[in-house]
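Reviewing the structure listed below.
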Amino acid sequence: MSVIDSNNKFGVPATGSDKNCSPWRRDLFATILANIDDGVSVQDRDRHIVYANESLKRSFGDDIEGRYCFEIYHQRAEACTDCPADVVLKTGTTYHTKRRIQNSKRGTIFGEFTAAPLFDEQGQIVAVVEVVHNITDQELGKQDLLEEGERLRRLAAVGKEIASGLDLGGILEKVVQYATELTSADAGTVALLDEKNNEIRYPYHFNMPAKLADAAVPKGNGIAGLTMKTGQPVLLDDYPSHPDQVPIFTEAGVKTIMAVPLMIGDRPVGALGLFGKSPGKKFTQTDLEMAQAVAGQAAVAIENANLFNEIGNQLRVQRELNQVAVSITSGLELGHVLQEVTHHASEVVNADSAMIALLDEEEGVITYPYAHNLPQHLRQVTGQLGKGVAGRVIETREPRIDNDYSASELRNPAFVEAGIKSIVTVPLMIADRCIGAIGVMDKGSGQKFFEDDIGILSIISRQAAVAVENARLYGKLSQSAQLLEGRVKERTEALSRMYQESERKSRELEEANIKLREVDRMKSEFLANMSHELRTPLNSIIGFSKLVLDGLDGEVNEEQQKDLGIIHANGLELLRLIDDLLSLAKIEAGRIDVVLVETPPDILVEEAVISMRANAGEKGLELKHSFPEDLHPVNMDAGKIRQVIVNLIGNAIKFTEAGTIIVAIEQTSDETVFSVADTGIGISPTHFAEIFDRFHQEKPGEAASAGVGLGLAISKRLVEMHRGRIWVESEPGKGSTFSFSVPNSNDVAN
Amino acid sequence: MGETEKKVILVVDDNDDVRRLVKKVLEMSGYKVLEAPDGEQALAIIDSVVPDLVLMDIRLPGPYDGLETTRRLREDARLQRVPVVALSASVLEPDRQRALTVGCNGFICKPIDIAELPKLVETYIKRGAATPR
């Protein structure tokens with residue numbers, strides 16, 4: 001059979017010369033053309049397909065001969081401008097090219113075209129022969145590789161993105177965008193599972209309507225739910241018909257879908273969904289692998305962010321709890337503290353509002369005095385023990401969650417009306433008494449409460465209990481304090497009165513004092529004056545009588561001597577009495593001071609003895625002293641002690657007619673004892689006490705009457721001013737020994 | 001003993017009896033005795049005659065008492081060495097001390113022991129105007 005039919009209907013002359021074609025050559029061409037894979041066609045100048053080989057016919061149909069090439073190949077109504085045949089016709093040379101052909105039957109074909117001119121005898125191009133070698137696979141493979149490379153690059157970029165940030169939202173937005181592009185999808189979304197609320201949301205999407213972010217379906221619903229449930233990818237060609245279709249997606253035009261779960265370990269946390277909006281967009285294995293790779297990275301990102309949030313959350317909870325603790329310990333006004341507690345309680349679990357219920361144990365009535373973010377009128381509501389959520393919690397002392405409050409049997413209409421949707425309640429315990437409850441509620445943002453929330457609120461409840469207890473104790477203390485204050489006030493007033501009284505008395509005393517001082521001064525002056533007044537005349541009496549007695553006025557006879565002697569002696573006596581009187585007066589008035597000086601006691605005795613020796617001599621008495629060696633000085637007022645000794649010696653002389661007077665000193669570790677011993681008439685023991693008494697007067701008739709005077713009384717006072725003692729030992733007829741002691745250890749400034 | 005060789009004692013006391021007593025006693029002992037009833041007159045006498053001893057009663061009438069008179073006396077350089085013995089009816093120690101502070105060399109209590117007086121006078125004149133204790 002001939003390949004080129006010289007009788008073909010188009011009148012195309014055979015190539016070369018018929019005459020020169022041997023039969024087997026003609027068969028060769030025919031055989032080759034019929035069997036090769038390549039498609040061969042011949043087109044005339046108008047692009048009619050004049051001849052098509054078997055391969056071409058297989059690709060494009062048996063009836064392509066006679067039709068336009070562009071009609072067949074490209075399904076176009078007119079010629080393509082860059083058709084290889086066109087080029088050949090223009091250039092008249094062979095043309096090689098690679099082309100892609102989109103064909104609805106064959107899809108995309110990549111071909112290597114060789115087009116060559118066919119000349120007639122005149123050398124005019126009459127036709128173009130086109131050989132097309134199918135290189136679709138290679139090309140596709142190449143393209144695949146390129147695309148793969150691009151995808152990997154993109155994937156790497158996504159991974160980098162994820163690893164570099166913790167802004168989960170931002171990451172997931174990018175993830176869905178990249179995934180969409182990498183899989184050549186039309187749109188995509190990341191679905192996340194909200195465990196708390198048991199629903200699936202679609203917060204991140206690419207090329208989907210914005211309202212998708214607000215949508216939610218129950219857990220397990222939708223393709224996202226399906227893929228999460230099974231843990232396997234889901235690919236659908238006809239999304240709208242699928243029983244699990246979600247209207248919002250169908251409405252958005254989703255036709256095909258590829259969904260892969262996002263897993264952390266074996267726990268699904270969401271899904272990555274990629275959509276084709278035309279039925280032709282089918283997802284390939286490569287797409288699936290790409291989607292899974294991205295999903296894996298997204299899951300990591302979610303986990304990281306979750307952990308971060310978890311920590312952040314914990315920190316936030318901790319901070320809130322700290323705030324509560326601070327409030328509680330810094331303030332003692334209970335109402336204020338509990339109000340703060342409601343605020344913190346709602347903050348710490350991210351709720352809308354909170355309230356504290358308190359139980360009046362006596363009445364069994366529950367009130368709601370403290371609330372955060374609730375209408376004021378709710379504070380007037382009262383409940384009963386056992387009724388209502390708070391009532392139940394207080395009764396059972398068990399916390400509870402009511403996530404559907406309006407449906408709860410324990411609901412209180414007032415609270416339902418206020419819009420409370422879910423509530424978590426914990427008891428408020430002090431020791432083993434339940435005094436109320438803390439309730440935290442959500443009013444409609446759809447929040448549900450969990451075990452964790454109970455835990456956190458229990459902590460706050462304990463802190464609040466501490467606050468209540470503190471305030472109660474403080475209240476008690478306050479009460480006691482008030483009582484005390486009341487009493488203190490009373491006492492203070494009493495004291496004030498007393499003080500005023502004593503002020504008054506003080507003033508009186510002051511005035512009296514002033515008067516006394518005046519009197520004292522007058523006394524002083526008086527004493528000084530009297531001393532002077534009394535002594536001055538005596539000076540004359542004593543002086544002149546002595547003067548005449550001594551013969552200064554001329555000779556004096558015996559009688560004159562005697563009389564003058566009497567005058568003189570009495571003058572002296574009077575002087576002595578006056579001195580004693582004045583001394584005693586001074587002592588009595590406390591005007592005598594004892595000036596203590598370290599004085600050797602023996603010197604004092606010697607001085608006294610010397611001054612009295614003459615007196616003793618006049619009566620023919622012997623006056624001696626006797627003291628041991630190594631006497632040490634004693635703190636005393638020398639003048640006064642000497643006065644005492646002189647007084648005692650004087651008395652001894654007076655009451656002794658004959659014999660010896662001995663003045664002695666004895667010193668012990670504690671005191672120094674002076675004694676004056678005489679051989680006089682003695683004193684009967686009955687008088688021992690009396691003689692030191694200033695008012696004592698011996699009965700007349702007793703020889704001892706005259707002349708003791710005030711001396712002993714004064715001596716006693718002087719000795720006592722030294723903190724010493726004075727005493728007498730005597731027997732009538734056997735003489736007397738008068739002794740007095742001075743302590744060794746008197747302070748220098750007495 | 002000639003008049004000019006006698007030691008001169010000035011006795012200053014407002015009491016006539018005291019002056020009389022002292023004069024009699026001391027003249028008997030061989031002293032020349034001058035008298036003054038108050039401080040002013042005492043100083044007037046001292047102006048013309050520097051005594052060998054002054055017996056000065058503490059209590060004197062007039063603008064200045066015995067202590068003041070003694071003080072003024074001591075201000076005079078000529079009179080630094082003149083012994084002044086205070087006479088007083090007071091037995092109070094402070095008075096004694098004050099006298100000594102002011103410049104007196106000694107202190108005699110009244111009533112005066114006329115037996116002791118001449119000896120004391122002699123002692124004080126002999127001592128001269130020793131520094132007061």
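The values are calculated or read from the model by the stated rules, or taken from the named source; none is laboratory data. Every value quoted in this text rests on a predicted model; they were computed, and no experiment measured them. A quick note on method: Cβ atoms are made from the backbone with ideal geometry, for glycine too, and the neighbour counts reach across all protein chains shown. Each accessible area value is taken on the protein alone, full model and side chains, heavy atoms only, with ligands, DNA and RNA left out. Shrake-Rupley method; radii C 1.70, N 1.55, O 1.52, S 1.80 Å.
One table, with the values for the structure above:
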read-out: Qualifying trypsin sites (Lys or Arg not before Pro) for segment A:174-274 [loop in DSSP, other Cβ within 10 Å: at most 15]; value: A:K196
read-out: Förster-model FRET efficiency, 35 Å R0, A:R576 and B:K126, C-beta, rounded to 0.05; value: 0.65
read-out: Among the listed pairs A:K624/A:K734; A:K142/A:K282; A:K57/A:K281, those beyond 25 Å (Cα-Cα); value: A:K57/A:K281
read-out: Exposure rank, largest accessible area first [A:R497, A:R717; 1.4 Å]; value: A:R497, A:R717
read-out: Neighbourhood charge, 11 Å Cβ-Cβ cut-off, centred on A:Q561 and excluding it, Lys, Arg +1 and Asp, Glu -1; value: -4
read-out: FRET efficiency for A:E607 and A:L495, using Cβ-Cβ distance with R0 set to 45 Å, rounded to 0.05; value: 0.15
read-out: Spatial separation of Cα centroids for segment A:359-437 and segment B:3-82, in angstrom; value: 117
read-out: Projected-area average for chain A over all orientations - Cα convex hull basis, square nanometres; value: 80.1
read-out: FRET E, pair A:N313, A:R487, Förster distance 60 Å, beta-carbon r, rounded to 0.05; value: 0.65
read-out: Solvent-accessible area per residue for segment A:120-240 (1.4 angstrom probe, square angstrom); value: 50
read-out: Neighbourhood net charge (11 Å Cβ-Cβ; Lys/Arg +1, Asp/Glu -1) for A:L359; value: -4
read-out: Positive minus negative residues near A:R267 (Lys, Arg vs Asp, Glu; Cβ under 10 Å); value: -3
read-out: Aspartates and glutamates with Cα under 17 Å of A:K515, excluding same-chain neighbours fewer than 8 positions away; value: A:E525
read-out: Averaged over A:531-539, number of beta-carbon atoms from partner chains that fall within 10 Å; value: 5
read-out: Whole-number D in µm²/s for segment A:194-339 (Stokes-Einstein; Kirkwood sum over Cα pairs; 37 °C, 0.692 mPa s); value: 186
read-out: Radius of gyration and Dmax over the Cα atoms of segment A:393-519, both given in Å; value: 31.2, 103
read-out: Loop-resident sites, segment A:347-422, for trypsin sites (Lys or Arg not before Pro), counting at most 12 other Cβ within 10 Å (DSSP); value: none
read-out: Most to least packed among A:141-149, A:343-351 [average Cβ atoms within 10 Å]; value: A:343-351, A:141-149
read-out: Considering only the protein assembly as shown, percent of DSSP beta bridges that pair antiparallel, nearest 5; value: 80
read-out: Residues of type lysines that B:K32 reaches as a straight line, Cα spacing below 27 Å, ignoring anything fewer than 8 places off in the same chain; value: A:K546, B:K6, B:K7, B:K23, B:K24, B:K110, B:K119, B:K126
read-out: Neighbour count of at most 16 Cβ within 10 Å plus DSSP loop: longest chymotrypsin sites (Phe, Trp or Tyr not before Pro)-free window in chain A; value: A:11-449
read-out: Accessible surface of the protein assembly as shown, 1.4 Å probe, proportion on carbon and sulfur as whole %; value: 52
read-out: Accessible area (Å², per residue) of segment A:63-108, counting only protein heavy atoms and a probe of 1.4 Å; value: 62
read-out: Length released on extending from A:A325 to A:K160, taking residue separation times 0.36 nm less the Cα-Cα span; value: 55.1 nm
read-out: Long-range HN-HN contacts of A:Y204 with modeled amide H, under 5 Å; value: A:V190
read-out: Shape of chain B, Cα gyration tensor, a/c cut at 1.5; value: rounded
read-out: Inter-probe distance in nm under a simple model that places probes 7 Å from Cα toward Cβ, at A:S406 and A:N529; value: 11.5
read-out: Where labels lie 7 Å past Cα in the beta-carbon direction, separation of A:E729 and A:K282 in nm; value: 15.2
read-out: Inter-probe distance in nm under a simple model that places probes 7 Å from Cα toward Cβ, at B:R71 and A:Q75; value: 14.9
read-out: Accessible area buried, both sides summed, chains A and B with 1.4 Å probe, Å²; value: 1700
read-out: Within straight-line cross-link reach of A:K229, lysines at Cα separation under 21 Å, skipping those fewer than 8 residues along the same chain; value: A:K196, A:K219
